[in-house]
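The values are calculated or read from the model by the stated rules, or taken from the named source; none is laboratory data. In this text the structure is predicted, and so the values were computed from the model without any measurement. Here Cβ is always computed from backbone atoms with ideal geometry, including for glycine, and neighbour counts include all displayed protein chains. Calculation scope for accessible area: heavy atoms of the full protein, side chains included, ligands and nucleic acids excluded. Shrake-Rupley method; radii C 1.70, N 1.55, O 1.52, S 1.80 Å.
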Amino acid sequence: MKIIIAKTAGFCMGVRRAVEMALDAPSRHSNPIFTYGPLIHNPQVLELLEEKGVHIIRDIPETGDGTVLIRAHGVPPSVKTDLRQAGFTVIDATCPRVIKVQTIIRKHAQKGYAVIIIGDRDHPEVTGLLGFAGDRGYVAGNLEELASLPAFDKAILVAQTTLNTRLFEDVKSWVQMHHPDYECFHTICDSTAERQAEVRKIAGQVDALIVVGGCSSGNTQRLAEISRRSGIPTFHIETEADLDFKALSGAETIGITAGASTPNWIINRVVRAVERVPSQNGAGVMRAVFTLQQTLLMTNVYVAAGAGCLCYTCAALMKIPNILPHAWVAMLYVLSMHTLNNLTGLKSDRYNDPDREAFYHRHRLFLICLAMSSGAMGLLIACTQGAMPFLVLLMMSVLGLSYNLRLIPERFMMAGYSRIRDIPGSKTILIAVAWGMVTSALPAMSSGRSLEPAVMVVFLWSTGLAFVRTAFFDILDMQGDRIVGKETIPILLGEARSIRMLRTLLLLFVFMPVCSGVIGVFPPLGYGLAVCPAVMLLLVNIHENGFMLPGIRLEFLVESLFILAGAVTLLFGVLLRS
Ligand code: SF4
């Protein structure tokens, strides 16, 4: 079964901004924190905000304290005044594109124009817009309502930002015919128009379309409506729990899109559930492959195999013989640390990867034993390679184990950091350095070649690739990590800047082995290895262009890069021997 995920699925700019402001509010503004009305039309996000201490108020009390956040839809100006008079601090998360419509309305209302808003009169955005028109505002939900309005000397028309684009086109034609002097402002948000256009396009390529989003979300309802009108089976669901696997089982290609108020982590969960459709209803090869991929990823066996392959590659670049013990050390260390990391990171997996969370709860004891025994075995093998590799690995293991422990008592805490994991960005950097150490530095150490140029370049290259891998996963998990308060590098830098950084690094890692080959620091294998960062670069670009969302397949693909490095090394070895 093929899955097509809409590029435009998920939070639009305005909603993302409002949700981030709400998540940051408890630590930045005076508590208690409220939103004026539900922040977005998504019950799961609202539940989560409630858990984080962001409550909803629907009416303005006579007096109050704390902070009130105005949601992306905006409010009439009088609401802000009343909130301030009641004693609240007001933070305004009105979407900049809604502010633009409010500005058009206010400017024209002040000049005496009648303001006709085409939209849903009960929608909070429309209520807010009306507030800017004073007593000159009118709302029409369709052409009949528009035709029933009195004729005005001068009037403007604006659209609710999430209006169906086709309806507004009809409205404009009607106005041209009946009131050519009225001025029409195309205020439908690009994000809405693009989302709707993409649904029309995808509908022609799939057997069924899943629209993810709150049942009361107007823009999600419109997406489902557009899909249904195109004649394909359409399923409007709020979460993966609403999926009808039986109804989907006959579909060969399934499309997935989502409303502007649907967070990525809910879409990811739906994608992962839909990926399971063949394993629940289908049989044969696909089912076996999917289950195998999932098991290898969840147990970290696949990522450990990747570390082993990367170690094999690094050893070949450094021309270190007898690589097997080093590859085992790398595999066992990575298996141990990643499993421990997953065991302690279940809070964010609840959002990012619920299957993994359930798996780790179900097999907790087994996984703890696996992590401990693989860590101990890795140390034992390192011991056979010399005192230095053993001590370094021991230090790295202790560091890994203490990553989540409170190392500094609260009263001596500086800058709010009491655990290593509290240091912003520490996870991404430490994982990468640990990978670099076990895949290149330890093998070099045990063969007494630590400071050679080839060793340095290999260390930088392997650490860098591991950094890109981890940071890329961090980008995919940004929304879930933000919710649980994890400060990964993508959260600190923002998605766009993080992607730019990864692209630059990957270009560097494409040229690094090639240039090292040219100047003789690396053997000819260096030329072949440029393919690994190049493939990763392609994946990053594809993701940036919105063609992929996290799922088992993407995770498997990324983890396969190190296996690819091992395969290239093996191939070069065979070719050079023959
Ligand atoms: S749909 Fe457009 S106007 Fe509405 S909140 Fe999102 S970005 Fe802003």
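Some notes on this structure:
- When Leu317, Leu492 are compared by accessible area at a 1.4 angstrom probe, the order from most to least is Leu492, Leu317.
- For region 1-49, the pair-distance distribution built from all alpha carbon pairs, in bins 10 Å wide starting at 0, is 20, 46, 21, 10, 3, 0 percent.
- Within the chain: Cβ-based charge dipole about Cα centre, in debye rounded to nearest 20 (Lys, Arg +1; Asp, Glu -1): 1260 debye
- Farthest positive-ward along the chain dipole, Cα basis, beta-carbon charges - from Ser447, Gln160, Val458: Ser447
- With N the number of residues in region 127-213, Rg(Cα) / (2.2 N^0.38 Å) evaluates to 1.31.
- Ranked order, Cys184, Cys215 - accessible area, probe 1.4 Å, largest first: Cys215, Cys184
- Dmax and Rg, reported as Rg then Dmax, of the chain (C-alpha, Å): 27.9, 92
- Descending Cα extents along the principal axes, region 191-283, whole Å: 39, 26, 17
- Close amide H pairs (under 5 Å, H built 1.01 Å from N) link Ile118 with Ala140, Val158, Ala159, Gln160, residues at least 5 positions away or on another chain.
- Note that region 12-95 carries a Kirkwood radius of 12.5 Å, evaluated over its alpha carbons pair by pair.
- Set of aspartates and glutamates near Lys2 by C-alpha distance (under 16 Å), chain-local residues within fewer than 8 positions excluded: Asp207, Glu252, Glu275
- Bridges between two residues of the chain, per DSSP, are antiparallel at a rate of about 5%.
- Under 5 Å, built H, 5+ apart or other chain: amide partners of Ile4: Ile254, Gly255, Ile256
- Degrees, to the nearest 10: 190-203 long Cα axis against longest axis of the chain: 70 degrees
- Protein-only accessible surface order, largest first, of Lys246, Lys319 at 1.4 Å: Lys246, Lys319
- Along region 565-570 the Karplus relation, 6.51 cos²θ - 1.76 cosθ + 1.60 evaluated at θ = phi - 60°, assigns HN-Hα couplings of 4, x, 5, 4, 4, 4 Hz to successive residues, with x for each Gly and Pro.
- Of the solvent-accessible surface of the chain, computed with a 1.4 Å probe over protein heavy atoms with every protein chain present, carbon and sulfur atoms account for 60 percent.
- Karplus-based coupling profile of region 433-443, in residue order and whole Hz: 5, 4, 4, x, 5, 6, 8, 10, 5, 5, x, with θ = phi - 60° in 6.51 cos²θ - 1.76 cosθ + 1.60 and x standing for Gly or Pro.
- Listed residue (Phe235, Val271, Thr470) projecting farthest to the positive dipole end of the chain, Cβ model: Thr470
- Straightening the chain between Asp59 and Ala151 buys 29.6 nm, computed as 0.36 nm per residue apart minus the Cα-Cα spacing.
- Nearest-20 debye value, region 12-95 charge dipole, Cβ charges on Lys, Arg, Asp, Glu: 260 debye
- Residues whose placed amide H lies under 5 Å from that of Asp92, excluding near-sequence neighbours: Ile70
- Accessible surface, per residue, of the chain when the full set of protein chains is kept, probe 1.4 Å, Å²: 44 Å²
- Of all DSSP bridge pairs formed entirely within region 12-95, close to 0 percent run antiparallel.
- Lysines whose Cα lies under 25 Å from that of Lys427, excluding same-chain neighbours fewer than 8 positions away: Lys52, Lys347, Lys486
- Stretchable slack from Arg362 to Ile99, in nm (0.36 nm times residue separation minus alpha-carbon distance): 89.8 nm
- With 0.36 nm allotted per residue and the present C-alpha distance subtracted, the Ala496-Asp244 stretch has 87.2 nm of extension available.
- Calculated FRET value between Glu51 and Glu452, using beta carbons and R₀ = 51 Å, to 0.05: 0.45
- Counting only lysines at least 8 places from Lys154 when in the same chain, those with an alpha carbon closer than 30 Å to its own are Lys80, Lys100, Lys107, Lys111, Lys172.
- Simple spin-label estimate for Ile519 and Leu571 in nanometres, 7 Å along Cα-Cβ: 2.7 nm
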